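Some notes on the structure that comes next.
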Amino acid sequence: MRHTVKTRNGLVAGYARDGVVSFKGIPYAAAPDGERRFMAPEPAPSWDGVREATAFGAAPPQLPPAPGVPAIWRPGDGPDCLTVNVWTPSPGAARLPVMVWIYGGRWSHGASSMPHYDGSVLAGSGVVVVTFNHRTGFEGFGHLPGAPGNRGLLDQLAALAWVRDDIAAFGGDPDAVTVFGQSAGAACAVLLAAAPAATGLFRRCVAQSLPAGHVTAHDAGQVTERLAAAVGAAPTRDGLAAIPPRALLEVPDAHLTGGRPGGAFGPVIDGDLVTAPPEHALADGRARGIDLLCGFTHDEYRGFPPTAATPPLEAVAGHFGLAPGAAQAYREAYPGDTEADLFSTFMSDALIRMPTTFAALAHARSGGRTWLYDFAWKGQIGAAHGIDLPFVFGLPGTGYAARFLGTPPHAGFTALSRRIRTAWTSFAATGDPGWPAFTAGRPTTRVWDTEPADTAYPVPDSLRIWSDGAARQTPNPGG
């Protein structure tokens with residue numbers, strides 16, 4: 001059945017399937033090309049007649065995330081990538097809770113058209129689901145004289161403004177918006193929660209596997225200079241705007257970082273939109289009015305590309321700013337583990353688990369309502385980074401899900417996915433996911449497994465080591 005909805009820019013037509021109506025590829029900003037390239041998003045043009053909202057917009061410019069992975073962007077796709085998609089069980093005046101998704105991908109990859117981000121099953125739980133594209137890589141996060149920084153975050157703000165202004169027509173409540181994201185998307189969600197520019201755009205935040213990733217203005221400037229030199233252009237907006245996106249993408253990150261740990265791109269601390277890494281951005285209480293649900297997967301590092309050989313734990317601990325003796329403290333805390341297992345545990349802590357935990361502590365201590373979880377259900381490669389996504393979206397049949405769940409998925413998937421979707425949508429509707437809140441004095445954690453349980457914080461030894469001796473200047477890991 002065809003449904004027509006009136007937005008500020010014009011009429012859009014979507015189609016119902018299994019009780020949910022989807023609308024895809026609706027512009028929330030003008031195409032970022034020509035004079036608009038490397039600039040803040042501008043309002044989308046209006047249109048006459050009815051726009052058929054049946055196909056996703058183009059992905060932002062990017063290379064495939066890994067060899068052998070199909071490309072989601074090609075140079076001929078065109079620049080019109082700033083689009084939103086809506087799944088709603090009730091177009092009209094239902095005023096349902098709204099859940100707005102921000103994808104991860106190391107700030108260099110990702111698109112709302114990826115099959116594992118389809119919102120139809122989640123919307124069937126009684127919420128309006130919104131996904132959207134934002135610029136990635138240098139297009140979105142390159143630090144460029146003469147252009148605004150953190151353009152990917154500015155895109156996200158523009159998409160949230162579209163939700164505020166138009167979502168009621170799709171059955172959503174603009175006063176009950178929850179932003180949720182995973183990995184790099186989780187970091188963006190938390191940074192927006194603390195950003196004055198986002199005040200009033202959402203009231204709740206779900207951060208799945210929150211990294212500490214950020215880039216200093218100095219490092220971002222060096223990336224720009226190296227990129228410009230590699231493509232033979234001036235390190236200015238005019239100079240790099242003359243270079244096609246594909247040519248910029250072909251310069252490897254390793255060349256751009258000059259050996260600096262971490263990825264080339266990420267939110268740049270500019271003192272304006274981004275004033276600090278996520279955990280520090282929450283500490284001063286600016287986000288205390290935002291309810292925060294956050295968590296990690298228990299074996300985060302198993303979802304990252306493996307290293308060729310296990311490096312000495314002492315060197316790795318020093319690299320992450322831990323005090324001398326931290327490596328030995330890990331060996332004593334996890335007796336019987338091999339050095340490879342200790343390395344995996346350490347990297348899970350360093351890249352995701354401790355940044356997430358410290359963000360939860362910072363928010364709780366500032367007076368913000370906070371909930372924490374540990375996703376411990378083990379798939380084919382353990383409870384790895386990214387395994388939670390099929391459970392949240394209720395999609396076990398995608399190629400992405402098969403990597404974690406196998407084919408067919410484990411029999412326990414359906415029940416656990418339903419429980420998690422109920423928790424996420426209940427949080428969006430009421431601010432309560434269904435387990436006790438996390439506080440510094442009572443760090444209750446929901447452990448998601450075949451039989452979920454509410455426990456004390458699950459890795460107290462890791463938290464003690466990092467609390468006692470870490471500078472916690474975690475390099476940007478991507479996500």
query: With (1) surrounded by 15 or more Cβ atoms within 10 Å (Cβ to Cβ); (2) in a loop (DSSP other than H, G, I, E, B); (3) in contact (Cβ under 8 Å) with a residue 24 or more places away in the chain as the list, and Pro396 as the residue in question, which single condition is left unmet?
result: (3)
query: Taking into account only those residues within the stretch 376-393 that are outside any loop (DSSP other than H, G, I, E, B) and more than 15 Å from the chain's Cα centre (by Cα), which is farthest from Phe304 (Cα to Cα)?
result: Phe391
task: Pick out the one residue from Thr307, Thr275 that is within 19 Å of the chain's Cα centre (by Cα), polar (S, T, N, Q) and assigned to a loop (DSSP other than H, G, I, E, B).
output: Thr275
query: Are there any pairs, at least 6 apart or on different chains, whose C-beta atoms fall under 9 Å, with the first in the stretch 301-324 and at positive phi and the second of a type outside the set (A, V, I, L, M, F, W, C) and loosely packed, with under 15 Cβ neighbours inside 10 Å, and if so, which?
result: Gly321/Gln473
message: If Val268 meets every condition in (1) in contact (Cβ under 8 Å) with a residue 60 or more places away in the chain; (2) surrounded by fewer than 21 Cβ atoms within 10 Å (Cβ to Cβ); (3) of a type in the set (Val, Ile, Thr) apart from one, which number is that one?
response: (2)
- request: Collect the residues in the stretch 253-272 that are part of a loop (DSSP other than H, G, I, E, B), out of contact with any Asp or Glu (no Cβ under 7 Å at 6 or more places or on another chain) and hydrophobic (A, V, I, L, M, F, W, C), keeping them in residue-number order.
  value: Phe265, Ile269
- prompt: So which strands (runs of 3 or more DSSP E) stay within the stretch 26-134 end to end and still have 2 or more residues that are among the hydrophobic types (A, V, I, L, M, F, W, C)?
  reply: 83-88, 92-102, 128-132
- request: Return the residue satisfying two criteria in turn: it lies in the stretch 1-53 and is touching a residue at least 40 places away in the same chain (Cβ under 8 Å) and over 24 Å from Gln156 (Cα atoms), and of such residues it is farthest from the chain's Cα centre (by Cα).
  value: Val50
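One line per residue, one yes/no per condition, for (1) crowded, with 20+ Cβ neighbours inside 10 Å; (2) in a helix (DSSP H, G or I); (3) of a type in the set (Asp, Glu):
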| site | (1), (2), (3) |
| --- | --- |
| Gly171 | yes, no, no |
| Asp175 | no, no, yes |
| Val179 | yes, no, no |
| Cys188 | yes, yes, no |
| Val206 | yes, no, no |
| Ala212 | yes, no, no |
| Ala220 | yes, yes, no |
| Val251 | no, no, no |
- request: Collect the residues in the stretch 40-51 that are surrounded by 12 or more Cβ atoms within 10 Å (Cβ to Cβ) and under 15 Å from Asp80 (Cβ atoms), keeping them in residue-number order.
  value: Pro41, Glu42, Pro43, Ala44, Trp47, Arg51
Only one of Gly181, Gly119 that is among the small types (Gly, Ala, Ser) and in contact with a Cys (Cβ under 8 Å, 6 or more places away or on another chain): Gly181
message: When you scan the stretch 423-438, do you find a residue that is at pLDDT 95 or above, touching a Phe, Trp or Tyr at 6+ places or on another chain (Cβ under 9 Å), part of a helix (DSSP H, G or I) and charged (D, E, K, R), even just one?
response: no
- line: Contact list, first residue from the stretch 445-464 and more than 30 Å from Leu322 (Cα to Cα), second anywhere and part of a helix (DSSP H, G or I) and of a type outside the set (A, V, I, L, M, F, W, C), beta-carbon distance below 9 Å, six or more apart or interchain, is Pro452/Arg419
- prompt: Conditions: (1) β-branched (Val, Ile, Thr); (2) at pLDDT 95 or above; (3) surrounded by 14 or more Cβ atoms within 10 Å (Cβ to Cβ). Thr338 meets all but one. Number of the miss?
  reply: (3)
message: I'd like the full set of residues that are over 30 Å from Pro252 (Cα atoms), of a type in the set (A, V, I, L, M) and within 19 Å of the chain's Cα centre (by Cα), limited to the stretch 109-122.
response: Leu122
query: Which residues, taken from the stretch 228-249, are part of a loop (DSSP other than H, G, I, E, B) and touching a Gly at 6+ places or on another chain (Cβ under 8 Å)?
result: Ala233, Thr236
Test result for Ala350, part of a helix (DSSP H, G or I), closer than 21 Å to Ala207 by Cβ and in contact (Cβ under 8 Å) with a residue 12 or more places away in the chain: yes
- prompt: Can we say Gly146 is small (Gly, Ala, Ser), more than 14 Å from Trp107 (Cα to Cα) and in a strand (DSSP E or B)?
  reply: no
- prompt: Out of Thr425, Thr414, Thr407, which single residue is surrounded by 20 or more Cβ atoms within 10 Å (Cβ to Cβ) and among the polar types (S, T, N, Q)?
  reply: Thr425
- prompt: For the stretch 5-25, how many residues are surrounded by 13 or more Cβ atoms within 10 Å (Cβ to Cβ) and out of contact with any helix residue (DSSP H, G or I) (no Cβ under 8 Å at 6 or more places or on another chain)?
  reply: 12
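The values are calculated or read from the model by the stated rules, or taken from the named source; none is laboratory data. The structure displayed is predicted, hence computed values, not measured ones. Note: ideal-geometry Cβ built from the backbone for every residue, glycine included; neighbour counts use all protein chains shown.
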